[in-house]
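In what follows, a single structure is set out as structure tokens and then discussed.
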Amino acid sequence: MKVLKFGGTSVANAKNIALVKNIVANSKATKNIVVVSALGGVTDLLLNTATLASAQDNTYKNSLKEIEERHLNTIKELIPVLQQSKVLSKVKSELNTLETLLEGAYLIGEITPKLSDKIVSYGELLSSYIISEYFIAEKLNCSYKDSREVIKTNSNFGKAIVDFKVTNTNCKEFFTAVPEQIIVMAGFIASSISGDSTTLGRGGSDYTAAIIASAIDAELLEIWTDVSGMYTANPRIVKQAMPIPHISYEEAMELSHFGAKVLYPPTIQPVLAKGISIVIKNTFDAENEGTLITKNKNEQGKTVRGISHVEHIALLSLEGPGMVGIPGISKRFFEVLSQANISVVLITQASSEHSICVGVSDTDALKAVEIVNEAFEYEISLGKIKPVIAEQDLAIIALVGDNMKRHQGLSGKMFSTLGKNNVNIRAIAQGASERNISAVIVKDDVKKALNTLHEEFFEDNTKQLNLFVMGVGNVGTKFLNQIQQQRKFLKENLKLNIRVIGISNSRTMVFDEDGISLKSWDEKLKGGEKADKQKFFENIQKLNYRNSIFVDNTASAAVSETYASYLKNSISVVTCNKIACSSEYNNYKHLKDLARQYNAPFLFETNVGAGLPIIDTLKNLIASGDKILKIQAVLSGSLNFLFNNFNDQSTFHDIVKQAQEQGYTEPDPKIDLSGIDVMRKILILARESGNKIDIEEIANKPFLPEESLATTNNEDFFASLIKHEAGFQKMYKEANDTGSKLKYVAQYENGKASVGLQHIPKGHDFYNLEGSDNIVLFYTERYPNQPMIIKGAGAGADVTASGIFADIIRIGNF
Ligand code: ADP
Ligand code: ASP
Ligand code: MG
């Protein structure tokens with residue numbers, strides 16, 4: 001004998017019910033008890049209808065109509081026309097009774113728990129009857145049995161307690177005698193000794209099936225649902241969650257108690273006592289193995305088997321100096337709660353006995369506060385105990401596994417993982433069985449916490465990086481292309497899974513939680529909503545993903561002003577925009593401090609030398625104990641290009657024009673030629689070397705005549721270059737006469753920085769610097785005479801994009 005239970009989605013409509021029929025027809029057991037839920041969503045509909053009616057809201061009639069239509073349509077689709085009329089008339093007559101009950105609630109303007117159970121029972125009554133008639137029409141050897149005739153409970157309406165003695169006897173007698181191979185029954189509903197309809201609690205059809213399985217010593221209990229088993233975490237919230245092939249009763253019970261809705265928690269109890277195995281299977285993927293639940297212990301399997309969570313939790317803390325050493329306080333505390341029928345989901349008590357903290361359902365919170373404060377009124381009036389308050393909108397997340405007790409460091413790993421992602425933990429409980437470690441967190445952090453923990457404990461160390469990219473000009477576009485090309489490699493080799501979730505340019509922005517396709521991002525962006533920096537940030541904050549990275553590929557000051565809000569929310573910032581790091585020292589320092597405080601890397605490697613690893617090398621030198629003595633560098637690709645090409649055969653004006661046309665300079669070439677850009681770069685290197693320095697302190701002896709510097713547009717600027725050609729030729733000649741080349745050099749030594757043109761003699765490291773390359777010499781205590789040299793292409797969209805990419809990977813390995 002076997003019990004098969006089909007949940008709401010499995011019987012939601014005619015198409016699904018046909019799948020159910022195939023599964024039942026294929027069963028090899030000699031007798032199959034088929035327990036069904038109400039058509040998916042009907043229980044909620046019934047409850048809503050009842051609430052509307054009792055609130056004397058006429059619209060309850062519309063809901064009732066919807067309920068009627070769903071059932072009548074299902075019959076019409078499932079049952080051949082010739083056999084329909086009997087089923088239709090029976091169902092219509094039941095629906096009439098339901099209507100009368102609802103009218104009653106409407107007239108009285110009230111609904112008792114007893115009436116509510118009566119009304120809600122129609123969901124399962126109708127579904128089970130229709131399904132049995134369909135099976136019969138399909139020529140299965142089938143009969144129908146009203147569950148209320150066998151399953152008996154007390155009168156605790158809404159969540160009645162089963163009378164196992166009577167129920168077991170009823171079941172044995174009935175199922176031994178019944179001749180048919182298949183018996184269809186309603187889940188969830190039962191009846192009291194006095195004959196009233198009762199229910200076993202929301203999700204209770206699983207329990208009905210387990211009660212019957214245990215009573216008749218079934219060989220197996222199959223729970224057929226809409227997912228392929230019990231997953232490592234709720235698959236709706238954690239996309240990477242996977243079915244657990246085999247799990248122990250205790251583990252399954254723990255997971256379901258802590259929110260794995262796929263199994264109603266009391267379900268395990270009756271079958272555990274008899275050692276009957278449970279399989280959870282998917283009606284829509286019947287071949288899938290699903291999850292097997294048995295008493296076999298998980299000997300060598302994973303330590304953490306699953307992560308679950310319960311929402312709508314409130315924390316109550318009883319604390320005060322008067323609690324220490326006084327026996328009986330906790331007893332009174334729990335007694336009060338229990339007398340009010342408030343169930344305690346989690347308990348923590350510090351060993352100082354200074355406080356006891358309990359988690360209860362949000363809906364019980366206010367009542368709990370009231371009764372506890374009343375019970376301790378005397379102690380509160382003496383100031384020995386503080387009045388209890390409830391902290392609401394919390395959730396519990398729990399790691400579950402039989403083997404957790406044999407492994408050290410799991411809770412450490414759990415909490416540090418959450419901490420790194422800025423998930424604030426309000427309370428912690430670890431059962432003595434060590435099968436469960438639970439933490440209370442803010443409800444809004446649940447998705448992030450579950451995904452972070454899942455990644456840490458189940459995903460083969462693959463780390464998910466969630467990118468939000470602002471700016472898709474030259475650099476941004478190249479960057480997105482590079483990610484697309486490298487994604488597979490990174491996943492396989494570095495175990496990094498990169499997803500771009502948001503993209504914005506100055507006009508529009510788009511978000512896609514599943515990751516924006518990098519093949520067609522530009523199309524999507526064009527159709528996106530209006531760009532708004534603040535909204536972009538708020539969206540990211542709301543999504544609240546772990547390992548979120550904001551990537552700034554713009555040159556906008558306004559964008560750089562948003563970094564602090566990202567960092568404060570533990571969102572890392574990667575930028576090629578130099579403005580923030582070269583702004584006032586206090587601002588730079590503030591951002592660096594925020595990054596440390598909120599565990600969110602702030603990386604800007606491309607601020608100096610594009611893709612060259614200059615800042616990273618500098619950081620590593622310092623971190624490993626070296627000291628920077630001097631930095632000498634050519635940091636402007638544009639200026640290097642100019643002075644490499646300018647000679648007595650050309651004019652300075654033409655070379656600048658050419659550089660501008662070929663994209664080697666900023667659109668306004670004065671930004672490069674005035675030395676401002678190089679000043680910013682050496683400033684950043686000086687700061688990263690540990691110096692408090694501001695841009696005004698950098699010496700800059702400009703080589704441009706004052707008149708050129710004073711121009712306010714490109715036309716005047718170029719005209720002034722023509723006018724001063726003689727001066728430029730003189731500059732060239734002076735260098736050339738001594739066999740030197742002109743290079744625009746940035747220097748930093750003894751806390752002082754300067755930039756300017758220099759004559760570089762043959763043999764100097766800078767002499768042969770080609771095209772638009774950059775070079776940096778680090779003179780340090782370890783490299784005092786022969787500097788450490790970093791040299792290579794220091795400008796261009798491709799190398800800048802790859803520098804940003806490298807920063808992202810640094811965060812991935814963080
Ligand atoms: P049924 O109507 O078949 O009883 P339920 O909705 O009660 O189905 O339970 C199945 C749902 O449980 C899944 O669709 C899934 O969203 C949810 N769920 C929550 N946690 C888990 C988990 N750890 N494993 C599988 N499903 C889970
Ligand atoms: N139909 C009931 C509910 O929705 C029982 C169940 O489906 O298990 O809660
Ligand atoms: Mg269920």
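The values are calculated or read from the model by the stated rules, or taken from the named source; none is laboratory data. Given the structure is predicted, the values throughout are model-derived calculations rather than measurements. When we count neighbours, we look across all protein chains shown, and the Cβ atoms used for this are built from the backbone with ideal geometry, even at glycine. The accessibility values were calculated without ligands, DNA or RNA, using every heavy atom of the protein model including side chains. Shrake-Rupley method; radii C 1.70, N 1.55, O 1.52, S 1.80 Å.
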Legend entry - Candidate set from region 113-152 (those that are surrounded by fewer than 24 Cβ atoms within 10 Å (Cβ to Cβ) and of a type in the set (V, I, T)); member that is farthest from ligand 1 (Cβ to nearest atom): I136
Inset, instruction - Find the helices (runs of 4 or more DSSP H) located wholly in region 433-531 whose residues include 3 or more that are over 18 Å from the mean Cα position of the chain (by Cα) and at pLDDT below 95, and list them. - result: 474-489
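Select the helices (runs of 4 or more DSSP H) contained entirely in region 559-678, then report the ones holding at least 1 residues which are crowded, with 17+ Cβ neighbours inside 10 Å and of a type in the set (K, R).
670-673
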Inset, instruction - Please verify whether region 45-55 includes one or more residues that are more than 16 Å from ligand 2 (Cβ to nearest atom), surrounded by fewer than 19 Cβ atoms within 10 Å (Cβ to Cβ) and more than 26 Å from V279 (Cα to Cα). - result: yes
Legend entry - Matching residues in region 446-494 - criterion: being among the β-branched types (V, I, T) and closer than 22 Å to K239 by Cβ: V446, T452, T462, V469, I483
Inset, instruction - Restrict the check to region 218-229 and report whether at least one residue is open to solvent by 10 Å² or more (accessible area, probe 1.4 Å), within 10 Å of ligand 1 (Cβ to nearest atom), under 18 Å from T291 (Cβ atoms) and among the aliphatic types (A, V, I, L, M). - result: yes
Legend entry - Unmet requirement for Q83, which otherwise passes all of (1) modelled with pLDDT under 95; (2) within 19 Å of G158 (Cα to Cα): (2)
Legend entry - Index of the failed condition, A241 passing every other in (1) open to solvent by less than 10 Å² (accessible area, probe 1.4 Å); (2) more than 15 Å from ligand 2 (Cβ to nearest atom): (1)
Inset, instruction - Would you mind stating whether V178 is open to solvent by 10 Å² or more (accessible area, probe 1.4 Å), more than 16 Å from ligand 1 (Cβ to nearest atom) and more than 39 Å from the chain's Cα centre (by Cα)? - result: yes
Legend entry - Residue, farthest from V279 (Cα to Cα), within region 204-217, restricted to residues that are open to solvent by 10 Å² or more (accessible area, probe 1.4 Å) and away from ligand 3 (no atom under 16 Å from the Cβ): I216
Legend entry - Boolean, K61 is out of contact with any helix residue (DSSP H, G or I) (no Cβ under 8 Å at 6 or more places or on another chain), more than 14 Å from ligand 2 (Cβ to nearest atom), in the same structural domain as Y144 (by TED's automatic domain parsing) and free of Cβ contacts under 8 Å to residues at least 60 places away in the same chain: yes
Legend entry - Top-ranked residue in region 359-398 [being within 22 Å of K448 (Cα to Cα) and either of a type in the set (D, E, K, R) or touching an Asp or Glu at 6+ places or on another chain (Cβ under 6 Å) (or both); ranked as least open to solvent (accessible area, probe 1.4 Å)]: A395
Legend entry - Test set (1) open to solvent by 30 Å² or more (accessible area, probe 1.4 Å); (2) in contact (Cβ under 8 Å) with a residue 12 or more places away in the chain - R236 fails condition number: (2)
Inset, instruction - Would you confirm whether any residue within region 306-326 is on the phi > 0 side of the Ramachandran plot, open to solvent by 60 Å² or more (accessible area, probe 1.4 Å) and at pLDDT 90 or above? - result: yes
Legend entry - Tally, over region 77-98, of residues that are closer than 12 Å to S132 by Cβ and open to solvent by 20 Å² or more (accessible area, probe 1.4 Å): 1
